[in-house]
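The values are calculated or read from the model by the stated rules, or taken from the named source; none is laboratory data. Keep in mind it's a predicted model, so treat the numbers as computed, not measured. Reconstructed Cβ throughout: ideal geometry from the backbone, glycine too, with neighbour counts over all protein chains shown.
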Amino acid sequence: MNVEVNKEQLQKAKAYKTMLIFGMASIVMIFAGLTSAYVISKSRPDWLKDFQLPQAFLWSTIVIVLSSVTFHLAKKAIKKNNRSTTTLMLVATLILGLLFVALQFQGFNQVIAAGYYFTGSYSTITTSFLYIVVLVHIVHLIGGLISLLIVIYNHYKQKYNATQTLGIELSVMFWHFLGFLWLYLFLFFTFYK
């Protein structure tokens with residue numbers, strides 16, 4: 001009986017991870033389309049060739065990388081049944097995730113303060129692309145934050161332990177994916193001019 005339950009849990013975990021991978025692949029296609037459109041639009045005469053990403057986007061990149069580290073540490077801690085460290089790392093990840101979003105909006109404010117706008121008659125195609133790509137990423141990150149909140153709630157309800165980590169593993173996978181995706185976007189916007 002115990003072997004059947006374990007086999008069923010493994011099949012369930014494999015199915016959930018496969019669905020998550022398909023979801024992440026569809027997100028990759030969205031951003032591949034957006035960055036391809038960015039590359040094509042670069043040949044427009046109204047393209048800003050001297051546009052620099054604001055400093056807040058660099059800080060947000062550092063924050064999202066740190067949040068991946070804290071989430072990974074939470075997963076490692078629960079696998080050792082260290083509930084207090086898991087709690088600390090999950091809360092740190094949540095705080096860093098919210099800080100990432102705040103820094104993204106601070107980046108938007110810095111773009112506007114530099115005299116560039118995202119919409120309207122004073123907007124440029126360059127900044128409009130930046131705005132769209134960052135907002136689409138933030139929407140997906142909100143999904144990651146919701147997932148993280150569910151993990152925190154389930155952890156509080158003691159649903160995770162060294163042998164039951166599926167929810168945390170799935171959420172960590174998605175969070176790392178979002179972090180790598182932002183790192184790609186940041187490097188793309190920084191170096192592809």
**Asked** Looking at (1) exposed (fewer than 14 other Cβ atoms within 10 Å of the Cβ); (2) in contact with a helix residue (DSSP H, G or I) (Cβ under 9 Å, 6 or more places away or on another chain); (3) aliphatic (A, V, I, L, M), can you tell me which one Ile40 breaks?
**Response** (2)
**Message:** Suppose the filter is in contact with a Lys or Arg (Cβ under 8 Å, 6 or more places away or on another chain), not hydroxyl-bearing (Ser, Thr, Tyr) and not in a helix (DSSP H, G or I); does Lys193 pass it?
**Reply:** yes
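What is the residue count in segment 7-41 for residues that are closer than 21 Å to Thr163 by Cβ and touching a Phe, Trp or Tyr at 6+ places or on another chain (Cβ under 9 Å)?
Just the residues of segment 7-41 that are closer than 21 Å to Thr163 by Cβ, to begin with: 7-17, 20.
Next, only the ones that are touching a Phe, Trp or Tyr at 6+ places or on another chain (Cβ under 9 Å) stay: 20.
Count: 1.
Give Val133, Val139 a once-over and let me know the one that is part of a helix (DSSP H, G or I), free of Cβ contacts under 8 Å to residues at least 40 places away in the same chain, of a type outside the set (D, E, K, R) and out of contact with any strand residue (DSSP E or B) (no Cβ under 7 Å at 6 or more places or on another chain). Give the derivation first.
On the way: Val133 fails: free of Cβ contacts under 8 Å to residues at least 40 places away in the same chain.
Exactly one of Val133, Val139 is part of a helix (DSSP H, G or I), free of Cβ contacts under 8 Å to residues at least 40 places away in the same chain, of a type outside the set (D, E, K, R) and out of contact with any strand residue (DSSP E or B) (no Cβ under 7 Å at 6 or more places or on another chain), namely Val139.
Of the residues that sit in segment 148-162 and are buried (at least 17 other Cβ atoms within 10 Å of the Cβ) and modelled with pLDDT of 95 or more, which one is farthest from the chain's Cα centre (by Cα)? Before you say what the answer is, go through the steps one by one.
Filtering segment 148-162 down to residues buried (at least 17 other Cβ atoms within 10 Å of the Cβ) leaves 148, 151-152, 155, 160.
Right, trim to modelled with pLDDT of 95 or more and you get 148, 151-152, 155.
Values: Leu148: 11, Val151: 16, Ile152: 17, His155: 21 Å.
Going through the qualifying residues, I end up with His155.
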**Message:** Going residue by residue through segment 110-123, is there one that turns out to be modelled with pLDDT under 90, surrounded by 16 or more Cβ atoms within 10 Å (Cβ to Cβ) and under 21 Å from Val39 (Cα atoms)?
**Reply:** yes
**Request:** Quick one: which residue in Ile95, Ile27, Ile64 is part of a helix (DSSP H, G or I), among the hydrophobic types (A, V, I, L, M, F, W, C) and either modelled with pLDDT under 95 or touching a Gly at 6+ places or on another chain (Cβ under 9 Å) (or both)?
**Result:** Ile64
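Is it the case that some residue within segment 7-15 is loosely packed, with under 14 Cβ neighbours inside 10 Å, under 19 Å from the mean Cα position of the chain (by Cα) and in a helix (DSSP H, G or I)?
Checked segment 7-15: no residue is loosely packed, with under 14 Cβ neighbours inside 10 Å, under 19 Å from the mean Cα position of the chain (by Cα) and in a helix (DSSP H, G or I).
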**Asked** Quick check: anything in segment 71-89 surrounded by 20 or more Cβ atoms within 10 Å (Cβ to Cβ), within 19 Å of the chain's Cα centre (by Cα) and among the β-branched types (Val, Ile, Thr)?
**Response** no
